[in-house]
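One structure is given here, and the rest of the page talks about it.
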Amino acid sequence: MIFSIADKLEKVRARIQKATISAKRAPDSVQLLAVSKTRAAAELFELIEAGQTQFGENYLNEALDKQRALASLCLVQTKKEQLASVIWHFIGPIQSNKTRAIAENFAWVQSIDRAKIVQRLDAQRPVHLGPLNCCIQVNIDEEETKSGVNLAEVDLLAAEIEATPNLSLRGLMCIPDADQDEASLRASFKRMADKFAALRQRYPSVDTLSMGMSGDIEIAIECGSTMVRVGTALFGERTTETMQKQ
Ligand SMILES: *Cc1c(COP(=O)(O)O)cnc(C)c1O
């Protein structure tokens, strides 16, 4: 049987709903971010038609091309409005020469990992767009190959974001080690949830704990995720990722 992207969206929504109920959490407490890296504009268009509003992109040039391609697919007024309601999240590693385009073309940045990036995004965010929503990326399993700060470094970076006029501190994001067993994964998510709770106490704007991907949506929600980032379960396996890196 062949499932359309809209069918897959229904399935992912059902997984989120079921996990939210099992965890005895409020019905709308977990948002779905569609991770659309390597995917064509037409595929995003299908998801937008099916009611998905939040999209995450990892590679800046690819994302900008796609935003333009979508605009040319959405020429009639009703589609323009639908596209205007899409919320774009930047979730990939940030090179400092890319911060201006990120600040101008995204509503959220989830991969903040150093003060220099905070300063640049704040200086380059167009004021008329309102504050740029920011999550600090935590390298929760302290892997050499991953970006993100260690838990001990979160407070300092949070304070730097909080001190800026054009950035709004919204929470934390992590990509745990994919090779660990379920118990260690759960422990990693719990460490994130504890840090999130502490941050939330200090800063009222903090409301987002971005964790959980296609393979671990349920465990992440059980551990307190408020936003799961899902690619494969919505679009199928990626094959072209290495070609798209920039
Ligand atoms: C690719 C990616 C995802 C989605 O992963 P899937 O396993 O395809 O659901 C989530 N978050 C980040 C930061 C990613 O780069």
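The values are calculated or read from the model by the stated rules, or taken from the named source; none is laboratory data. Predicted model only: the values in this text are computed from it and were never measured. Note: ideal-geometry Cβ built from the backbone for every residue, glycine included; neighbour counts use all protein chains shown. Ligands, DNA and RNA are stripped out before the accessible areas are found, and what is left, the full protein with its side chains, is counted by its heavy atoms. Shrake-Rupley method; radii C 1.70, N 1.55, O 1.52, S 1.80 Å.
Among the residues making up the stretch 192-246, those that are open to solvent by 50 Å² or more (accessible area, probe 1.4 Å), at pLDDT below 95 and within 9 Å of the ligand (Cβ to nearest atom) are Glu237, Arg238. What residue, of Lys37, Lys80, Lys66, Lys11, is within 16 Å of the ligand (Cβ to nearest atom), exposed (fewer than 14 other Cβ atoms within 10 Å of the Cβ) and either over 30 Å from Gly224 (Cα atoms) or touching a residue at least 60 places away in the same chain (Cβ under 8 Å) (or both)? Going through Lys37, Lys80, Lys66, Lys11 in turn, the sole match is Lys11. Within the stretch 164-179, if we keep just the residues that are away from the ligand (no atom under 15 Å from the Cβ) and open to solvent by 30 Å² or more (accessible area, probe 1.4 Å), the residue that is farthest from Val30 (Cα to Cα) turns out to be Pro165. The one condition from (1) open to solvent by 80 Å² or more (accessible area, probe 1.4 Å); (2) free of Cβ contacts under 8 Å to residues at least 40 places away in the same chain that Glu46 does not meet is (2).
Among the helices (runs of 4 or more DSSP H) confined to the stretch 156-246, the ones with at least 3 residues that are more than 19 Å from Asn133 (Cβ to Cβ) and without any contact (Cβ under 8 Å) to a residue 12 or more places away in the chain are located at 182-202. Entry remark, the stretch 121-155: residues being within 20 Å of the chain's Cα centre (by Cα) and in a helix (DSSP H, G or I) number 5 in total. So, Asp179, is that one over 15 Å from Met211 (Cα atoms) and out of contact with any helix residue (DSSP H, G or I) (no Cβ under 7 Å at 6 or more places or on another chain) or not? Spelling it out, Asp179 is indeed over 15 Å from Met211 (Cα atoms) and out of contact with any helix residue (DSSP H, G or I) (no Cβ under 7 Å at 6 or more places or on another chain).
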